[in-house]
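Read the figures in this text as sums done on the coordinates, not as results from a lab. What you are looking at is a predicted structure, and each value in this text was computed from that prediction instead of being measured. In this analysis, Cβ positions are derived from the backbone assuming ideal geometry, glycine residues included, and neighbour counts consider all displayed protein chains.
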Amino acid sequence: MKEVITLVVYLLLSATAMGQEPELPEADFENLTASAEEAPDDEDMLLRLGQFKKHPIDLNSADADELKELGWVTERMIHSLLAYRDLLGPLIHVNELLAVPGWEPGIIRKVLPYVQVVTEEALLPAGQDDFTKRNHELLIRHSRSAEQQEKYAGSPDKILIRYRFHFSDKWQAGLTAEKDAGEAFFKGAQRWGFDFYSVHLFIKKWKRFRNIALGDFTVNMGQGLIHWQRLAFGKSTDIAQMKRQSAVLAPYGSSGEYNFHRGIGTTVGLGAFTITGFASFRKLSATLQADSTAAANAFSAFRTSGYHRTGNEIAARNKLKQLAGGVVIQYRKKNFAAALNQVTHFFSLPLQKEERPSNLYAMRGSNWYNASVDYSWVFRQVHIFGEAAVSKSGGTAFLQSMLISMDSRADISLQWRRLSPGYQSVAGRAITENSQPTNERGCLMAVNLRLFPRLKWDGYVDFYSFPWLGYYTDAPARGRDYQFTLRYSPRKQVEMYLRYRNEEKERNEGGITNKLAVNKRNSWRFHIDYMISGTLRLRQRIEWVKFQKDDQPAAQGFLYYADIGWKPKGRASLSVRWQVFDTDDYDTRLYAFEQDVSYSYSLPASYGKGYRYIVLAKYVISRHLSAWVRWSNTGNTGLAGEEPVYANDSVVKSSDIRLQLMLDF
C-alpha cells in the first residue's frame, strides 16, 4: 500500500517539482528592510540553503532541530512528519511528503531541493562516516562603485573572501574575510589587511554532544524576547514565518560584523533534556562619552553597521569589550517542549543613554541579564507556543501565539504580546512592531486560505500601542497595520499576485509643540512571474504608494520593473532588470528585491525620480569553477528642492560592478 501511495504522489509532483529554483521569501526581505531602513547584512539563509542543496537533509533521520532549518515548515508539520515515520516507518521517496498530514504541495515544492530520503540499504554501519561526502568551497567577490562622493580612508573597493569546508553533515568549518568600500587595506588602521575576520568550527552529533561550536556562532533562544541572532523576519502573511524556529547554537559565516558571539558553545543531550551553554568574548564598536580629561568613561550606543571608513568610525572601532554567557535547558517529549533560558552581558564601560524622557526605562550600567521560559505544544491541528521573560530592571515581556489548521485549505495564526517599557534586552529580536522588543502591546492575526487549487488568499492584521514615549513619539502612541495578498496561478508556468497594505501609526508631527500626528501609508502591488519557455523567464512588478500625515497634502510614489531571465542547458545564464521610479519624498520610498551573485542579495531604497537597470551573468567555467558578473546603473534627479550632486548635470548617476569566482570541489 505504501508503494502505491508513493507512486501516485510521484506522478502528481513530478511535472512541477523538477527543475524548481530555490525560492526566497522576497516579500519578507522587503518588509524587514523597510522597517529597519537598511538591508540586513546577513547571508545566513542563503548559506544554509546552499549547504542543504549540496548536502540535503535526510528526512528519515533528521530530528526536529534539523527540520527547523528548512524555514518554511511549521512545528505542527515537523511533529506530523515525525509521527508519520514512527507509525509507518521510513519514507521511500521524498515525494511521499504529500501523504504526510499538513504538508501541502506548495511547501513541498519549496523544500524538495534541500531534502532527500536515505534508505536503510544506503546507510553505513553505526559509527562509520562516509569519507566521500567532503566539500570545499572558496568564494572570492569584488565590488566597486564608479563614484565615491565622500573621501574615506581607503579605496571604493569591497572585497570578500569566504572559505567553507563540510564533512558529511557533521563537521563544518569556515573562514570569512571582508573589507567594506572606503576602508583601508594593509595600511593605516588596517595594517592587518581586511577589516573583518571570522572563523568557525561546528560539530554535530558527536557522542553525547548534539552540537559543539568554536569560534564564531549565533545563539537563538525561545521566540526572541531575550536573545536571537539569526536572520529573523517580522510579521508576515506566511504562517511559517510567525514563529521563531532554530537550534540554539548555529555556525556563523556571514559578513555582518555585529550580531554573533565569539568563543565556545555546546549542546549536550540527556534523554528528554538538552542543555546548552556558551561563553563569548568580543570587542565591539561603540559611541563613546568622555569626561573633562577626554578619557572615555561610558558609551551611549552600539555601532552595528561594521563600517570603519572615516576618522570617527575608526576611532569607535573595538573600543568596547563584551563578555557574554548563557544557558538553555530544554525538555522535549513527543508533542510538548519547554525551555528555561538565561543570558548575561558584561561590558568594559557602562552604558549611559542621553537624558531625555523617552530613555527613562533604557538600559544602563556595565552589565545586563535576561531570563525567560518558552514553551510549545502541538495538539491535533493546534499549535500553541509562547515566551515569558524578565530583564535586570524588573521589566517583563510576554508573547503568546497559536497556529490553527482549520482544514486542508485554511490556517490561522494568532499572537498576543505585552512588553513593559522597563523590559530591555541586548539582542532581543521578537515579532513586534518595534525593532527591539520593548514598550509595546499588540494583537496580530494572520490567515492563509487556499480557496481553489490555483487561488490563494493571505492576510494579516495587527493592532498595537506604545504605552511609553519612543524615539519618534513624545507621548504614548498607537497604530494598526494590515496586508492582504491574492495569489493566482492559472497554469504551472504563470504565477501572479495582487497585494494591498495599509498602515496608520502615530508619530511626532514636528514644529514647536511636536504633537502626535497619524501617519497613513497605503500601497498597492501587482506582480507576475511567467515561464515563457524552459529557458526564458519574465517577471514584472508595478507598485504604488501614498503617504499622508494627518490632513497635510499626500505624497505619492511609483515603481515598475521588468526582469528577463535566460537559463539554457549550457554553461551560461543571464538576467536583466529595467526599473523606473518616481516618488515625492523619502516617506514614499519603495524597495524591490534584486537578484545578485551567489550567496548575496540587494535591496536598495528607490526614492526621487529616476531609473535603474541591472545585468547579471553567470558562466560555469568547469565542473568545479563558476564565475558571476553583475553591473547596475542608477540615474536619479533626487527629491524636489534638492540641489543636484553635479552642478552641470541634473541627473545623479551611479553604477556598481561586482565580480565573483566560486571554486567548489
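Working ranking of peptides 552-561, 433-442, 337-346, 529-538 by packing, defined as the average number of other Cβ atoms within 10 Å per residue, highest first, is 433-442, 337-346, 552-561, 529-538.
Among the complete DSSP H segments of the chain, which ones combine at least 24 Å of alpha-carbon extent along their axis with a mean Kyte-Doolittle hydropathy of -0.5 or more?
Qualifying helices: none.
Farthest toward the positive end of the dipole of region 532-665, out of LEU661, SER622, LEU574, is the Cα of SER622, where the dipole comes from beta carbon charges about the Cα centre.
Here the simple spin-label model places points 7 Å from the Cα toward Cβ, and for ARG491 and GLU354 these points are separated by 6.0 nm. The HIS142 and GLU26 beta-carbon pair, evaluated with R₀ = 25 Å, returns a calculated FRET efficiency of approximately 0.45. At an R0 of 56 angstrom, the distance between the Cβ atoms of LYS133 and ARG409 translates into a FRET efficiency of 0.90. Dipole size of region 451-525 about its Cα centre, with +1 on Lys/Arg Cβ and -1 on Asp/Glu Cβ: approximately 540 debye, rounded to the nearest 20. Taking other C-beta atoms within 10 Å as the exposure proxy, SER655, SER246, SER408 rank SER408, SER655, SER246 from fewest upward.
Think of each Lys and Arg Cβ as +1 and each Asp and Glu Cβ as -1; about the Cα centre, that makes the dipole of region 532-665 roughly 1100 debye.
The separation of region 174-217 from region 480-509, counted between C-alpha centres, amounts to 39 Å.
Could you give the length gained on full extension between CYS443 and ASP550, defined as 0.36 nm per residue of separation minus the Cα-Cα distance, in nm? Gain on extension, CYS443 to ASP550, equals 36.1 nm. Between LYS283 and ARG208, residue separation times 0.36 nm minus the direct Cα-Cα distance comes to 23.8 nm. One equal scatterer on each Cα of region 532-665, no solvent, Debye formula: the resulting log10 I(q)/I(0) at q = 0.10, 0.14, 0.16 Å⁻¹ is -0.43, -0.74, -0.88. Under the convention that each Lys and Arg Cβ holds +1 and each Asp and Glu Cβ holds -1, the size of the dipole of the chain around its Cα centre is about 1100 debye.
Between LEU536 and VAL576, the simple spin-label model (points 7 angstrom out along Cα→Cβ) gives 1.2 nm.
Region 583-614 and region 399-452 have Cα centres separated by 28 Å. Charge tally for LYS179 (other residues, Cβ to Cβ under 9 Å; Lys, Arg +1; Asp, Glu -1): -4. Calculated [222 nm] ellipticity per residue, helices only, for the chain: -3000 deg cm²/dmol; basis is -39500 (n - 2.57) per DSSP H run with n ≥ 4, divided by all residues, nearest 500. Backbone N atoms of region 181-208 closer than 15 Å to the 7 Å Cα→Cβ label point of ILE275 belong to residues 208. Taken along the Cα-to-beta-carbon direction at a fixed 7 Å, the label points for LEU455 and PHE336 span 4.3 nm. The residue list PHE167, ILE140, GLN190 was ranked by how far each Cα lies along the charge dipole of region 138-195 toward its positive end, using unit charges on Cβ atoms, and PHE167 comes out on top.
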